[in-house]
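Report on the structure given below.
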Amino acid sequence: MNLKELVENAPDNVKKSFIYRQHSKDSSIILPGEENDYLFILISGSANVIMHSFSGAMLTFFTYQAYSCFGELELFNKNTKTFYIKSQTNCETILVPKNNVFEWMRLDFEFTKYLIEQLTEKLIKSSNTLINISLLSIKDRLLNNIYSHYLANDLSILTKQIICSETSIPLRSLNRAISECKSEGFIDFKDKRFQILSISRLESYCKSIM
């Protein structure tokens, strides 16, 4: 049973707890490093999970599509803090309070199984993603960092110094990578600011390396 069916068939007392929220494109749904007592169910649009790897590299970790959920890990571990989740398009979410999530699980085994499957899948994906990031070339780390800042809507303030800090790329190596990416038509760098020459091409490339 998929999440849409689970939501539609949720127990009435659980449905009464649903909180509906609208999110405009490029707005923050969840801020990083916060405590969270809600399960978020994305029912329309798409949203990006943006985080930092252990090396400090900023990356787009995952993209949620309609009828996926997030925030469940924090419900089961009080020491777990949130990642930054930002709307990629106009979105609508349902927030389910923690106690009602547990009640839903108690009443519906299919929902419990779905959450367990989601947690397992995300743990595997997160491990694989962090391994992939550690193996990226300097060029790929640069492009992924630029793309992540584009998604975070702060590309205009991105500098070489910030990239060096977030990716652990030495400045001399960064300059070579910038020249390579410019010659390949991914980016331009003028007046100490980065410009993406083709969003769709950069997005496709970054998804292919992750």
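The values are calculated or read from the model by the stated rules, or taken from the named source; none is laboratory data. Being a predicted model, the structure only gives us computed values, none of them experimental. Positions of Cβ are generated from backbone atoms using ideal geometry, with glycine treated the same way; all protein chains shown enter the neighbour counts. Side chains are part of the model used for accessible areas, which takes the heavy atoms of the whole protein and leaves out ligands, DNA and RNA. Shrake-Rupley method; radii C 1.70, N 1.55, O 1.52, S 1.80 Å.
Would you mind classifying the range 161-210 by shape? Square roots of the alpha carbon gyration tensor eigenvalues, ordered a ≥ b ≥ c; an a/c under 1.5 is rounded, otherwise it is prolate if a/b is larger than b/c and oblate if not. Present the calculation step by step, with values, prior to reporting the outcome.
Working: a/c = 1.84, a/b = 1.31, b/c = 1.41.
Oblate, because a/c is 1.5 or more while a/b does not exceed b/c.
Per-residue HN-Hα couplings for the range 36-51, Karplus 6.51 cos²θ - 1.76 cosθ + 1.60 at θ = phi - 60°, whole Hz, x for Gly and Pro?
Per-residue couplings from phi come out as 9, 10, 9, 8, 9, 10, 7, 9, 7, x, 9, 8, 9, 9, 10, 8 Hz.
Give the cross-link partners of LYS207 among the aspartates and glutamates, using a straight C-alpha distance below 16 Å as the criterion and excluding same-chain residues fewer than 8 apart.
Counting by Cα, and skipping residues close in sequence, LYS207 has these aspartates and glutamates nearby: ASP140.
In degrees from 0 to 90, rounded to the nearest 10, what is the angle of the helix 199-209 Cα long axis to the longest principal axis of the chain?
Helix 199-209 and the main axis of the chain meet at about 80 degrees.
Given R₀ = 25 Å, FRET efficiency for PHE189-GLU34 by Cβ-Cβ distance, to 0.05?
Details: r = 34 Å, r/R0 = 1.37.
Efficiency, from the Cβ-Cβ distance: 0.15.
With the crude spin-label approximation of a point 7 Å out along Cα→Cβ, what separation in nm comes out for GLU203 versus ASP12?
Each label point is offset 7 Å from its Cα along the Cβ direction, giving 4.3 nm.
LYS98 to ILE116: extension gain in nm, 0.36 nm per residue of separation minus the Cα-Cα distance? Display every interim value, and only then the final one.
Working: separation 18, 0.36 × 18 = 6.48 nm, distance 1.56 nm.
Answer, rounded to one decimal: 4.9 nm.
Tell me, what is the per residue accessible area of the chain in Å², probe radius 1.4 Å? Walk me through the numbers before you get to the answer.
Working: 10990 Å² over 210 residues.
Counting only protein heavy atoms, the per-residue value for the chain is 52 Å².
Relative to the longest principal axis of the chain, what angle (0 to 90°, nearest 10) does the C-alpha long axis of helix 98-107 take?
60 degrees
Give me the net charge for the shell around VAL49: Cβ to Cβ below 12 angstrom, other residues only, Lys and Arg +1, Asp and Glu -1. Please list the in-between numbers first.
Working: positive: LYS86, LYS122, LYS125; negative: none.
For residues surrounding VAL49, the net value is +3.
Using only Cα positions of the chain, each an equal point scatterer, no hydration layer, compute I(q)/I(0) via Debye at q = 0.08, 0.15, 0.18 Å⁻¹ and quote the log10 values to two decimals.
-0.32, -0.95, -1.24
With a 1.4 Å probe and every protein chain left in place, tell me how much accessible area GLU92 has, in Å² to the nearest 10.
40 Å²
Can you give the FRET efficiency to the nearest 0.05 for GLU180 and LYS125, using r as the Cβ-Cβ distance and R₀ = 35 Å?
Details: r = 29 Å, r/R0 = 0.83.
Rounded to the nearest 0.05, the efficiency is 0.75.
On a 27 Å Cα-Cα criterion, which of the cross-link pairs LYS125/LYS190; LYS81/LYS113; LYS4/LYS98; LYS25/LYS78; LYS78/LYS160 come out too long? Walk me through the numbers on the way to the answer.
On the way: LYS125/LYS190 36 Å; LYS81/LYS113 23 Å; LYS4/LYS98 19 Å; LYS25/LYS78 30 Å; LYS78/LYS160 37 Å.
Violating the 27 Å limit, Cα to Cα: LYS125/LYS190; LYS25/LYS78; LYS78/LYS160.
Name the residue farthest towards the positive end of the dipole of the chain from the options GLN195, TYR150, ALA66, assuming +1 on Cβ of Lys and Arg, -1 on Cβ of Asp and Glu, about the Cα centre.
Looking along the dipole axis, the top candidate is GLN195.
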